[in-house]
Every structure is written in structure tokens, then in C-alpha cells.
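Just below is one structure, and these are the notes that go with it.
The values are calculated or read from the model by the stated rules, or taken from the named source; none is laboratory data. This one's a predicted model, so the numbers in the text were calculated from it and none came from an experiment. Neighbour counts are summed over all protein chains in view; Cβ atoms, including those assigned to glycine, are modelled from backbone coordinates with ideal geometry.
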Amino acid sequence: MLSVSRRTVLGGMGGAAALACLPAGARAEGPLVWTFDSLDGIGGHAPQVEGAPRLVDSPLGRAVEFGGNGDALFIGQHPLAGAARFTFEALFRPDGGSFEQRWFHLESDEPGVEPGKGRTRMLFEVRVADGSWYLDAFMRGEGYSQVLMVPEKRFPLGRWYHVAQTYDGTTYRSYVDGALQAEAAVPFKPQGPGRASVGIRMNRVDPFKGAVRQAAFLAGEARAPGGFVLPYPQG
């Protein structure tokens, strides 16, 4: 039997070829795009590099690969700070590894609190089991704590995927390649300035095995499939 999570669970196209991605540092009408094609600069920020993440070629373009053993990037910005509505997207490739992996972590700074142990954060996570994975999107802050995870909605490992989480003022939703995974009503409050970690949780646990190509952040708008910033990998 799977051990799904310590949190409450809701509910019961990848491929080799892909569309071209937006150029590094690109902005559409409002979105901020981070492209992981360098270990020296991402989204105009110099990341703190730990372990040995490496640059690899992919059908989507250059990406950063994490070995599932402590490889990580730490970036001194929470791109959705202050947003009452938001869209958070990423292009990534999960390759297996341990069951529980936290691979994109946004967190607000809290005075006197060690990074990774704060009460206000947003995460993309995966759960890996039986040669497949499923998405865990999570956000927590003052007056709310919500996971979006459906273990029955599984996908093959070793392919590229588009994932998204959105909040439209009342409802929190998660998607894989434009397909709704889960949704819940949440009394969300905007998060404060902070930082991000990629490839691992902020407090350096639950490392990710796989690769990340891009992330997009849209403050003030919850987009729906068909209006996402990043392209879907094509199977």
C-alpha cells in the first residue's frame, strides 16, 4: 500500500519532441519566465548552487538536471509575493528516485525563522511509485493550508511535462499538461517577499531526481488551459 502523505489527499502527453520554449528572461504581458539554461544566472538572479546539478540538452532546450542526492539551486526571490491571484507553471522531467520529492519551493521570509521552516510557502512536489509519478501542489499561509494531490492520476517517468497551479480568488487548482488534477476552495492571503529553491525543499530535504527547463509566474491572474504561458511538451 502506498504511503501517500502526512497531509490530507483529495480525490480518488509527454514525449520526445516538444514545442520551442520562450527565450530566457522573456516576459509576455505580465508573466515572469525563468529559464534554467545556466547555473550562473536564472531570471536575472545569480543562484546559490549546491551539490552538482548539471546542464543537459533536451527537446525543449538546455535544462538543469538534478541527481536526487542533494543537487539544488537557491534563488533570492519569491516571484508571487503580494499576489492575491496567481498562475505558477513549470516544465520539468521526473526521472524516478525516492517516493517523496519537493522540487520547486517558494517561501516567504519570516524574522527569526530558518529558511524551509516558515509557515508561508508554495510548492510543486511529486510522488514516485511503481514506475510512475503523480503531482502534489501545496500552499500554506495564515489561515490556509491546502494540498492538491490525487494518487490515481499517474504519469510515466522520464518524459517532459507542463504543470501548473492557479488561484482565482476563491479556488486553488492544479494541472498536468492542461488536464485538471484537483481543486479546492481556499481562503488564500497573499504571501510576502522571500526566496525559492529548485531541486530540493528549502531546508534541504526530499531532493528531486529529474530536470527543470522553465518556470513562469503570473501575479494577479489565474489562467486556464489554453492561456498558460509555457507550451505543453508534445508527445
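On the basis of being under 28 Å from PRO115 (Cβ atoms) and in contact with a Pro (Cβ under 8 Å, 6 or more places away or on another chain), does GLY210 make the cut? Spell out how you get there, then give the answer.
Working: under 28 Å from PRO115 (Cβ atoms): yes; in contact with a Pro (Cβ under 8 Å, 6 or more places away or on another chain): yes.
Considered against the rule, which asks whether it is under 28 Å from PRO115 (Cβ atoms) and in contact with a Pro (Cβ under 8 Å, 6 or more places away or on another chain), GLY210 comes out as yes.
The residues of region 45-80 that are closer than 30 Å to PHE188 by Cβ and either buried (at least 18 other Cβ atoms within 10 Å of the Cβ) or modelled with pLDDT under 95 (or both), listed by number, are PRO47, VAL64, PHE66, ALA72, LEU73, PHE74, ILE75, GLN77, HIS78, PRO79, LEU80.
To keep it simple, each residue is scored yes or no on (1) β-branched (Val, Ile, Thr); (2) crowded, with 18+ Cβ neighbours inside 10 Å; (3) at pLDDT 95 or above; (4) closer than 27 Å to GLY158 by Cβ.
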{"position": "ARG195", "(1), (2), (3), (4)": "no, yes, yes, no"}
{"position": "GLY199", "(1), (2), (3), (4)": "no, yes, yes, yes"}
{"position": "PRO225", "(1), (2), (3), (4)": "no, no, yes, yes"}
{"position": "TYR232", "(1), (2), (3), (4)": "no, yes, yes, yes"}
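The single residue among VAL163, VAL212, VAL147 that is buried (at least 18 other Cβ atoms within 10 Å of the Cβ), touching a strand residue (DSSP E or B) at 6+ places or on another chain (Cβ under 7 Å) and over 27 Å from HIS45 (Cα atoms) turns out to be VAL147. The requirement of being of a type in the set (Val, Ile, Thr), in a loop (DSSP other than H, G, I, E, B) and closer than 29 Å to PRO53 by Cβ is not satisfied by VAL212. Checking ARG127, ARG102, ARG119, ARG154 one by one, the residue that is among the basic types (Lys, Arg), more than 23 Å from VAL33 (Cα to Cα) and surrounded by 21 or more Cβ atoms within 10 Å (Cβ to Cβ) is ARG127 and no other.
Restricting attention to region 81-91, the residues that are surrounded by 22 or more Cβ atoms within 10 Å (Cβ to Cβ) and more than 18 Å from the chain's Cα centre (by Cα) add up to 0. Tallying residues that are part of a loop (DSSP other than H, G, I, E, B) and among the hydrophobic types (A, V, I, L, M, F, W, C) within region 96-149 yields 2.
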